[in-house]
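Have a look at the structure below before the remarks.
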Amino acid sequence: QVQLVESGGGLVQAGDSLRLACAASEGTFRNYYMGWFRQAPGKERQFVAHINWSAGRTGYADSVKGRFTISRDNAKNTVYLQMNSLKPDDTAVYYCAATLRGLFTATKDYEYWGQGTQVTVSS
């Protein structure tokens, strides 16, 4: 069972950048498909981005396409989310998630979750 720990959140201004990191405890990290999700107050958790094991395939929500980049370093058991041109609407708790089954966008398809890291973007 893989354990995930997110870091890198914080308070920034609109237009700024942040890089989130998600460290996995599992030695077979490279076998997992990884995703980033976010949840704003009063809203459902929503898909942000995902990446396959080799980093050869990625996918993004329309709301972040062109601004966010997901990547992974299998040697460090870590997946990243580079967030540029941040907007107040990006304010949320960001979660990383892992699955062995494939590239999915629904929360129900991910078996393992981190505790989340808060990102707040002020206008």
Given the criteria at negative phi, of a type in the set (Gly, Ala, Ser) and over 12 Å from the mean Cα position of the chain (by Cα), does Gly56 qualify? yes
I need a count of the residues in region 82-112 that are buried (at least 18 other Cβ atoms within 10 Å of the Cβ) and either hydrophobic (A, V, I, L, M, F, W, C) or under 10 Å from the mean Cα position of the chain (by Cα) (or both). 9
Okay, strands (runs of 3 or more DSSP E) sitting entirely in region 10-76 with 1 or more residues that are touching a strand residue (DSSP E or B) at 6+ places or on another chain (Cβ under 6 Å), among the basic types (Lys, Arg) and touching a residue at least 40 places away in the same chain (Cβ under 8 Å), I get 18-24, 33-39
Among the residues of region 49-81 satisfying the criterion of being β-branched (Val, Ile, Thr) and buried (at least 18 other Cβ atoms within 10 Å of the Cβ), which is nearest to Tyr95 (Cα to Cα)? Val79
Ala24 - would you say it is open to solvent by less than 30 Å² (accessible area, probe 1.4 Å), more than 19 Å from Pro88 (Cβ to Cβ) and of a type in the set (Gly, Ala, Ser)? yes
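The values are calculated or read from the model by the stated rules, or taken from the named source; none is laboratory data. As the structure is a prediction and not an experimental result, all values here were calculated from the model. Heads up, the Cβs are rebuilt from the backbone with ideal geometry, glycines too, and the neighbour counts pull from every protein chain shown. With ligands, DNA and RNA removed, areas are computed over all heavy atoms of the protein, side chains included. Shrake-Rupley method; radii C 1.70, N 1.55, O 1.52, S 1.80 Å.
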